[in-house]
Amino acid sequence: MLKDTHAFSVKGSNINRATLGLLLSALMLGGLNVSVQAQDSPTQSTQTTSNPDQQAAAHVLDLLNQYSSDANWDKYFALYRKDGIFIGTDASERWGMAEFERYSRPTKGWRYDLTERHLIQHGNVILFDELLNSPAYGVSRGTGTLIKTNGNWEIAQYHLSFPIPNEVAKQITAEIKAVNKQ
């Protein structure tokens, strides 16, 4: 039984409330510091990417947005795996690379500016989600997967979507249902 009623037992050692409070405060301030740093630059990833793999993957995604804006299709499609998939905003748009290239190459490109990005790494796989801003469509979301192959990060899947604010979701989805019935 603990003699100090204001202490906690952690794996056989006693920690008093003051020590626990200081530890929790330090952890919270450290997390707050990371959040503030991330929000200072809206074009940078909001997740600290000190890991070289995550930095390299984030760079690939930055290049993807740049090359699509420039309509530099050779460099754009070189960032994807040969068996990559692009899922567009329309329910019919699930394209392999050859089909997506046929769609993209005649266009003048599209611009999406990074607002926020999160990366989660599992070995040679990185999952990502990013908020983007498009002059044509406003807020958009890109999600997908990168796979490290022969030392390089390649996009295996990219899914572009339009986040719908909850306040207008029923109205927007009703319009989508009406279009799909035609």
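The values are calculated or read from the model by the stated rules, or taken from the named source; none is laboratory data. Owing to the predicted nature of the structure, the values given are computational and were not obtained by experimental measurement. Methodologically, a virtual Cβ is constructed for each residue, glycine included, from the backbone with ideal geometry; neighbour enumeration extends over all protein chains shown.
Points worth noting:
- Single condition HIS159 does not satisfy, out of (1) surrounded by 15 or more Cβ atoms within 10 Å (Cβ to Cβ); (2) within 17 Å of ASP62 (Cβ to Cβ); (3) out of contact with any Leu (no Cβ under 6 Å at 6 or more places or on another chain): (2)
- The residues on offer are GLU175, GLU99, GLU154, GLU167, and the sole one that is at pLDDT 95 or above and touching a strand residue (DSSP E or B) at 6+ places or on another chain (Cβ under 8 Å) is GLU154.
- THR107 vs. criteria hydroxyl-bearing (Ser, Thr, Tyr) and loosely packed, with under 11 Cβ neighbours inside 10 Å: yes
- In region 48-85, residue farthest from GLU101 (Cα to Cα) [restricted to those that are modelled with pLDDT of 95 or more and among the hydroxyl-bearing types (Ser, Thr, Tyr)]: SER69
- Test for ALA136: is it more than 24 Å from PRO163 (Cα to Cα) and small (Gly, Ala, Ser): no
- Residue within region 110-123 that is under 18 Å from LEU63 (Cβ atoms), surrounded by fewer than 15 Cβ atoms within 10 Å (Cβ to Cβ) and acidic (Asp, Glu) present: yes
- Answer from TYR137, TYR80 - the residue that is assigned by TED's automatic domain parsing to the domain that holds LEU63, of a type in the set (Phe, Trp, Tyr) and in contact with a helix residue (DSSP H, G or I) (Cβ under 6 Å, 6 or more places away or on another chain): TYR80
- ARG81 under 17 Å from the mean Cα position of the chain (by Cα) and of a type in the set (Lys, Arg): no
- Screening ASN150, ASN166, ASN180 for residues that are more than 15 Å from GLY88 (Cα to Cα) and under 21 Å from the mean Cα position of the chain (by Cα) leaves exactly one candidate, ASN166.
- Residue in region 64-81 that is of a type outside the set (Gly, Ala, Ser) and in a strand (DSSP E or B) present: yes
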